[in-house]
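A.B. asks: Take a look at the following structure, please.
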Amino acid sequence: MDKKTALIVKLLKAAYPEAHCSLDHGGPFELLMATILSAQCTDERVNMVTPALFKKYPGPAEMAKAPLAGLEKLVHSTGFYKNKALSLKEASAAIVKNFGGKVPRTMDELLTLRGVARKTANVVLGSAYGIAAGVVVDTHVKRLAFRLGLTKETDPGKIEADLMKLLPQADWIWFAHSLVLHGRAVCDARKPRCPDCPLNKVCPKKGVV
């Protein structure tokens, strides 16, 4: 790890030592469903929707059998509800059929599920299973990694590859969560609070919106 990256990690660890996934969940299945719903939606909104969803359909077997119209109604407020409801139902059916009712623990297997790309798979592997298979790249991580000069890429896959090269694997899971928290609390996309930022001494974009 180069000196600049090491300093960024040190400062973020001081500010967000316990950074973790902000999606409420009671295990791998709930986290997978919640992460699918979080696409182009806030975690806060997803956390408002999932209690009723999981109460009615607590596992993959129940979710797979759920009437599509019922799922659509429950997840409507997360946006793109028709596609998301279908993903919940079909991913659950595949978990039952192909994985014995258990959410798989590998990247390749997770990527076979409808509605799951690398970001979602990394969230589940990291936060449900503690497996650091990669770095979650959501909108906050994408924006802040570029802003901090950790990547020049704009494609999430290439950003992830750059971060995996820069960071020790032991920090992959925590680092993404810390950037998400920092993006919400301080480095707002429209109005970053640079004077209050613990990274302002190392950020090349300090004072730039």
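Here, each number is a calculation from the coordinates, and none is a lab measurement. Since this is a predicted model, take the numbers as computed values, not measurements. Note that we place each Cβ from the backbone using ideal geometry, even for glycine, and neighbour counts take in every protein chain shown.
A.B. asks: Explain nothing, just the number: dipole magnitude of the chain about its Cα centre with +1 on each Lys and Arg Cβ and -1 on each Asp and Glu Cβ, in debye rounded to the nearest 20.
C.D. replies: My answer is approximately 500 debye.
A.B. asks: Which residue fluctuates the most in the chain, going by a Gaussian network model with Cα springs under 10 Å, if the choices are Thr42, Thr151, Thr106?
C.D. replies: Looking only at Thr42, Thr151, Thr106, the biggest GNM fluctuation is shown by Thr42.
A.B. asks: Averaging over every viewing direction, what projected area does the convex hull of the Cα atoms of the stretch 28-129 cover, in nm²?
C.D. replies: 5.4
A.B. asks: So, in nm, how far is label Thr139 from label Asp155 when the simple model puts each one 7 Å beyond its Cα toward the Cβ?
C.D. replies: The modelled label-to-label distance comes out at 2.3 nm.
A.B. asks: Here is a further query. Modelled label-to-label distance, Lys4 and Glu18, 7 Å Cα→beta-carbon offset: nm?
C.D. replies: Using points 7 Å along Cα→Cβ, the separation is 3.3 nm.
A.B. asks: Roughly how many nanometres apart are two label points built 7 Å out from the Cα toward the Cβ at Lys65 and Arg105?
C.D. replies: Inter-label distance under the simple model: 2.8 nm.
A.B. asks: Based on alpha-carbon centroids, what's the gap between the stretch 151-199 and the stretch 64-98 in Å, whole number please?
C.D. replies: 31
A.B. asks: Also, I was wondering about something else. Multiply the residue separation of Ala189 and Thr112 by 0.36 nm, subtract the distance between their alpha-carbon atoms, and state the gained length in nm to one decimal.
C.D. replies: Between Ala189 and Thr112, full extension yields 24.4 nm more.
A.B. asks: Mark the label point 7 Å from the Cα of Met48 along Cα→Cβ and return the residues of the stretch 69-103 whose backbone N is within less than 18 Å of it.
C.D. replies: 72-82
A.B. asks: A 19 angstrom limit on the alpha carbon distance is what I want to check against. Which of Lys56/Lys84; Lys119/Lys165; Lys4/Lys205; Lys158/Lys191; Lys119/Lys206 exceed it?
C.D. replies: Lys158/Lys191; Lys119/Lys206
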